[in-house]
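The values are calculated or read from the model by the stated rules, or taken from the named source; none is laboratory data. Values in this document were obtained by computation on a predicted structure and should not be read as measured data. Virtual Cβ from ideal backbone geometry, glycine too; neighbours counted across all protein chains shown. Accessible surface is based on the protein model in full, side chains and every heavy atom, while ligands, DNA and RNA are left aside. Shrake-Rupley method; radii C 1.70, N 1.55, O 1.52, S 1.80 Å.
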Amino acid sequence: MNSPENQSAGVQVDVPVRQADLGRDGSASTMGVARWLEDARIRLRLHRFERLIGEKGFGPFRILLVGQRVSRLAPAGPVGTRVQVHTGVRRVGRSSVTFGQEAMVGDKRVGSGDATVVLADNSGPLRLPDELIADLDEMQLPETGVAGESATTRPRPERLHRAHYAYWVPLRSRIGDVDSNQHVNFIALATWYDEAVAAFILDSIGTAVGGSVPDLPPRSYQIQYLAR
């Protein structure tokens with residue numbers, strides 16, 4: 001993979017389309033797009049902040065993903081296709097930062113998303129250090145967000161109660177679903193929703209046990225962590 005490059009549209013990271021990214025139609029699924037965006041965020045270099053950590057000037061801390069939105073905008077593939085992921089900063093808060101991301105194949109926009117992360121320790125959110133804010137300022141994007149698209153938009157109160165929903169499916173978290181923060185990973189959580197949607201479709205259309213489920217791949221996910 002290429003190293004991150006500074007671009008006018010944010011920091012660019014190139015990632016390949018992998019076999020695991022493909023959906024049933026042979027092109028990258030929305031889950032595949034989510035993996036590309038995550039890869040790009042992990043590979044961001046924050047030189048001032050990294051130096052501060054190396055000098056023991058900040059920490060210990062954890063990086064918590066509190067909200068994410070991912071959209072698949074166009075087919076991308078086959079395996080080996082190079083995808084350019086551009087990552088920039090949309091908002092910087094007292095303890096959080098929201099990244100905006102675009103995935104491109106050549107001139108074609110194939111995916112997009114936002115992710116909001118919080119720095120925290122065992123006592124709660126931490127104030128972002130000046131060194132980190134300086135690094136983030138260099139990646140600021142023009143404000144192009146649309147109302148209602150923020151990764152941190154919270155659901156309406158009634159959506160927090162099971163009685164609001166006419167259908168639900170019991171699922172059990174697996175060891176591989178839990179990350180180092182003892183939270184269910186975003187990718188694993190999205191698969192839970194996929195399983196629930198598939199179960200709802202089976203129940204609604206009366207597909208026989210063992211029969212195939214109609215191919216209804218989601219084009220977008222928007223997930224907020226509300227509690228552990």
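Structure summary
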| read-out | value |
| --- | --- |
| Number of positions in region 124-156 that are within 21 Å of LEU226 (Cα to Cα), at pLDDT 85 or above and open to solvent by 60 Å² or more (accessible area, probe 1.4 Å) | 2 |
| Failed condition for VAL105, given (1) at pLDDT 95 or above; (2) open to solvent by 50 Å² or more (accessible area, probe 1.4 Å); (3) out of contact with any helix residue (DSSP H, G or I) (no Cβ under 9 Å at 6 or more places or on another chain); (4) not hydroxyl-bearing (Ser, Thr, Tyr) | (2) |
| Strands (runs of 3 or more DSSP E) wholly inside region 1-94 containing at least 2 residues that are open to solvent by 20 Å² or more (accessible area, probe 1.4 Å), under 22 Å from VAL117 (Cβ atoms) and not acidic (Asp, Glu) | 5-7, 62-72, 82-92 |
| Within region 169-193, tally of residues that are within 23 Å of PRO217 (Cβ to Cβ), of a type outside the set (Ser, Thr, Tyr) and surrounded by 11 or more Cβ atoms within 10 Å (Cβ to Cβ) | 11 |
| Some residue of region 108-128 being without any contact (Cβ under 8 Å) to a residue 24 or more places away in the chain and among the polar types (S, T, N, Q) | yes |
| Of the criteria (1) out of contact with any Ser or Thr (no Cβ under 7 Å at 6 or more places or on another chain); (2) in contact (Cβ under 8 Å) with a residue 12 or more places away in the chain, which one SER96 fails | (1) |
